[in-house]
Amino acid sequence: MKQNHFAGTGKLLKLYLRRDRIILPIWILLALMLINGQVSFTKAMPDWQMFINELSASPITSAILGPIVPLSIEGAILWRGLLQAIITVMFGASLTVIRHTRTEEASGRNELILGRPVGRYANLSAALILSCGGSLLAGLLTAVFLMSNGFAGSGSLLAGLTLAASGCFFAGIGGLCSQIFEHSGSARGCVFGVYMLTMVAMVLNNIGGGYTGWAWFAPEAWFRITLPFGGNHAWKLLIFIVLSALPMVLSYMLLVRRDMGAGLIVRKEGSADAPPRFNSPMALAWRQQKGSILVWAIGMAWLGGIMGMGTPNVSEAISSSFAHMDTEWASAIVKLGNQEGFMAILIYMLGLMGGLSVFAITVVQRLRREEKEHYAEMVLSRPVSCSNWMVSYLAVAFAGSALILLVLGLVSGLGWSVASGEFSHFLRVLGMSLSKIPPVWTIIGIAALLYGWIPRIGSILNWLILGIFIFIEMLWEVGIVGWSAMQWTYFAYAHYSIPIHELSIVPLIVLTVIAAALTWLGVIGFKRRSIG
């Protein structure tokens, strides 16, 4: 690499710091808030030692979150608080890199930057420095916070640096995905796909006892390798630094091997003559989204199959003291049983809270991208109404999400049934997955409403609403808020804590009606505003 390729990196970094003066502190402080919440919750418990012992002995919590090590208040904070903080930083760092690299190229602004005396690597370098710097700052703040609460300095610093290493690794993943794909949406989808793979590795590691080789493939579980407040294996941070450098180096190598504005994966040109069936906005919407739907369906089938096959490895034994814990979450798990609870939580995470919610938002946001890139004007210049164009995209989104959930339920249920030799599980798991359709449709309706009326800030509001609802879910699980707060979210009406045979169909019908109404209002808003 020539030194002049990095010319202008410092100036771009100052520009990105100014542009991210609001977003950057949000994901840094959110990570700190999650750790603070776990510290406050654990310290406020009248008998936190019993709570830790029981959670560590619970097969379902060990299978999903892993065992608590060390078996102390520090271990309990790492077990839940640090895990959530790491995931937050991983996404914050990777999406920051994508926003300042691939999004800038897609918008054409990067060409203006490179028209000045700026090196080829300056843009990527500034984005990586910003993301890694943010991750490091989050880690150092975490260390200071833990030390201020009376925890050992060496363990606190190691926990913070492990968090920073995980964020840096995903910053590299974000840079790599930005070189591979032409559109920022595809790059973000790639990051989410990588995260889902790491989550599978984390669960496999946890099912295996918490300290298997799978932990190396799950950055969110790297604290099980460094063992803050336990073994304090600080030297393993050097390995994490090497692992984080690999995707960054690959990003630089690929950057000079592709054209500006293009990705490593070149989109194929369509046929010059469209077939007769390609004569409607619905056909166009399906043509543009079928690839994404297929990828999601395959990914969910693979993840669901692996999780289903591993479910029989979760012990059904529930200790008596755990059964008497006075929390809504514990009562729900006792009622479900460990294996069904394990599967219900995974279907809930993949099919609603962390999986199809992302699909629902991103597929609607494609409308905004089509509008900004002036493709919508080309379609609407033909005898196609605004409402028909928007409704066609949304119809494919509704049908595609239902199809993905159907695939998830079929494969997960089949995997559990085959592995256990008991096929009564199949219909229960299928019902769990299909019950998530109305809440996912509600997410699509909200996204459609925001796009129709306030497209410029609709994207941010979509993610903000989802983040608030996930935060409420976390507060409910640790007992800080009650079920009445959860009922303000669409999660509550297809929640994993409700056995599928007790799930009321009336709220799901109401959610479906609400989704239709929100979509209708969004279409009205789109018809009344100017394109672009």
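The values are calculated or read from the model by the stated rules, or taken from the named source; none is laboratory data. Here the structure is a predicted model, which is why all the values come from computation and not from measurement. Reconstructed Cβ throughout: ideal geometry from the backbone, glycine too, with neighbour counts over all protein chains shown.
Restricting to the range 472-484, name every residue that is buried (at least 17 other Cβ atoms within 10 Å of the Cβ) and of a type in the set (Phe, Trp, Tyr).
Of everything in the range 472-484, just one residue is buried (at least 17 other Cβ atoms within 10 Å of the Cβ) and of a type in the set (Phe, Trp, Tyr), namely TRP476.
Take the residues in the range 485-506 that are over 16 Å from SER433 (Cα atoms) and either in contact with a helix residue (DSSP H, G or I) (Cβ under 6 Å, 6 or more places away or on another chain) or among the small types (Gly, Ala, Ser) (or both), then tell me which one is surrounded by the fewest Cβ atoms within 10 Å (Cβ to Cβ). Walk me through how you get there before you give the answer.
Keep residues of the range 485-506 that are over 16 Å from SER433 (Cα atoms), which gives 485-489, 506.
Subset that is either in contact with a helix residue (DSSP H, G or I) (Cβ under 6 Å, 6 or more places away or on another chain) or among the small types (Gly, Ala, Ser) (or both): 485-486, 489.
Values: ALA485: 14, MET486: 20, THR489: 21.
Ranking the qualifying residues of the range 485-506, first place goes to ALA485.
Looking at the range 385-407 only, could you name the residues that are farther than 20 Å from GLY525 by Cβ and not hydrophobic (A, V, I, L, M, F, W, C)?
GLY400, SER401
Assigned by TED's automatic domain parsing to the domain that holds LYS14 and free of Cβ contacts under 8 Å to residues at least 24 places away in the same chain: does that describe ALA143?
Values: assigned by TED's automatic domain parsing to the domain that holds LYS14: yes; free of Cβ contacts under 8 Å to residues at least 24 places away in the same chain: yes.
Yes.
Might you let me know whether the range 163-172 holds any residue that is out of contact with any Cys (no Cβ under 7 Å at 6 or more places or on another chain) and within 18 Å of LEU255 (Cβ to Cβ)?
Yes.
(1) modelled with pLDDT under 90; (2) closer than 19 Å to GLY305 by Cβ: which one isn't true of ARG369, the others all being true?
So the condition that ARG369 fails would be (2).
Looking at this structure, is LEU466 of a type in the set (A, V, I, L, M), in a helix (DSSP H, G or I), in contact with a Ser or Thr (Cβ under 7 Å, 6 or more places away or on another chain) and under 28 Å from TRP27 (Cβ atoms)?
So LEU466 passes the test.
Is the range 473-495 home to any residue that is in contact (Cβ under 8 Å) with a residue 24 or more places away in the chain and hydroxyl-bearing (Ser, Thr, Tyr)?
In the first step, residues of the range 473-495 are kept if they are in contact (Cβ under 8 Å) with a residue 24 or more places away in the chain; the result is 473-480, 482-483, 490-491, 493-495.
Next cut, hydroxyl-bearing (Ser, Thr, Tyr) only: 490, 493.
Yes, that holds for at least one residue.
Can you work out which of the residues in the range 235-279 that are modelled with pLDDT of 90 or more, more than 18 Å from ALA187 (Cβ to Cβ) and among the aromatic types (Phe, Trp, Tyr) is surrounded by the most Cβ atoms within 10 Å (Cβ to Cβ)?
Ranking the candidates gives PHE240 first.
Please count how many residues of the range 65-81 are under 21 Å from GLY208 (Cα atoms) and assigned to a loop (DSSP other than H, G, I, E, B).
Here is the first cut: in the range 65-81, the ones under 21 Å from GLY208 (Cα atoms) are 65-71, 75-76, 78-80.
Subsequent filtering for residues that are assigned to a loop (DSSP other than H, G, I, E, B) retains 66-71.
So the answer is 6.
Considering only residues of the range 200-221 that are free of Cβ contacts under 8 Å to residues at least 60 places away in the same chain and in a helix (DSSP H, G or I), which is surrounded by the fewest Cβ atoms within 10 Å (Cβ to Cβ)?
Result: GLY213.
Scan the range 353-363 for residues that are out of contact with any Ser or Thr (no Cβ under 9 Å at 6 or more places or on another chain), assigned to a helix (DSSP H, G or I) and buried (at least 20 other Cβ atoms within 10 Å of the Cβ) and report the count.
Count: 2.
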